[in-house]
Every structure is written in C-alpha cells, then in structure tokens.
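Please treat every number below as a calculation from the coordinates, not as lab data. Remember, it's a predicted structure, so these values are computed and weren't measured experimentally.
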Amino acid sequence: MQTRFLQGFDEVRREKLVACQMSIVRCCADCDIPLVLVEFDDESTIETLTKAIEATYRHEKITKTTADAFSRPELLNCLRGWDINGVVLMGIYAAECAKETAKSALGNHLEIATSGVDCRCRSSENSKIRQTD
C-alpha cells in the first residue's frame, strides 16, 4: 500500500485499511505463508507494512511498472521457486491493480483469493514473525 493510494481517506479509514492488511501479514507469518511485496518502481509501501513483511521468514520484494504484478517475470519466478499454486491478493486499488494481477494469475494457472480470507491457523505462540528492534 503506497501513500498515494491512501490520499482522500480520512484518518479513521486509513487506520482501518492498514489494520486489515496487517492482519493478513500476521496471518501469513503465523501460518508460514510466503509474502511477496509488489511495489511500483517509483513508490514505496508505507513503513508499517514494509517492516511487518520484512520481519516474516519468507518474503520477497519486487517492483512493477504497470498495475499487473505479473508484468515482469520476477513474481511468477518467485512463486514457482516456492512451489506456490495460489495467491491471496490484497491492496486498496482493487479496480485496477488487484483485478489485473488476478487476471494474469489465472492466466498462469494459479488459484486466487482476496485478502478477506479467514486465517484459522493463527496462534500467538507459533508466530513466525521475527522480533526486530
């Protein structure tokens, strides 16, 4: 989630959006699900999410130039390297980025879900988030 995508939202809505994405990051950490942070070349994800993602054991960061995260081969190569056959998409620009990425994921024979999935394997004592300073 880049800063420009949060423009136009009031503080309460911004906090809620970030909290929702943080809950998915924590779920992935707790369940040892790999995370791929996809950013536009010229923008960075907000610091709170970046730090949480970087604190997980299996994560990768790639950049893109278009709305479609599969526009460069790095994402598909990364997923294949992890032997992944499905993706959970999250972002606040669903009408463009998530939609275009979902279409390409399906074209690459990957299953897709949105970030509204339920994380049932979460347990605080099993968390895979590394503690950082």
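Lysine pairs in the stretch 9-116 8 or more apart or on different chains: how many have alpha carbons under 24 angstrom apart?
So the count of such lysine pairs works out to 9.
Under 5 Å between amide hydrogens, which residues at least 5 positions from Leu35 or on another chain qualify, with H placed 1.01 Å from N in the peptide plane?
Under 5 Å from the amide H of Leu35: Arg58, His59, Glu60.
Taking only C-alpha pairs under 8 Å that are 6+ residues apart, what is the relative contact order of the stretch 9-116 in percent?
Relative CO of the stretch 9-116 lands at 23 percent.
What residues have an amide H closer than 5 Å to that of Thr114, excluding those fewer than 5 places away on the same chain, when H is modeled at 1.01 Å from N in the peptide plane?
Amide H to amide H, under 5 Å and 5 or more residues apart or across chains, Thr114 pairs with Leu89.
Considering all alpha-carbon pairs of the stretch 9-116, what whole percent are spaced by more than 20 angstrom?
37 percent
Using θ = phi - 60° and the Karplus relation 6.51 cos²θ - 1.76 cosθ + 1.60, list the HN-Hα couplings for the stretch 29-38 in order, rounded to whole Hz, with x at every Gly or Pro.
3J(HN,Hα) across the stretch 29-38, in whole Hz: 5, 5, 9, 6, 9, x, 10, 10, 8, 10.
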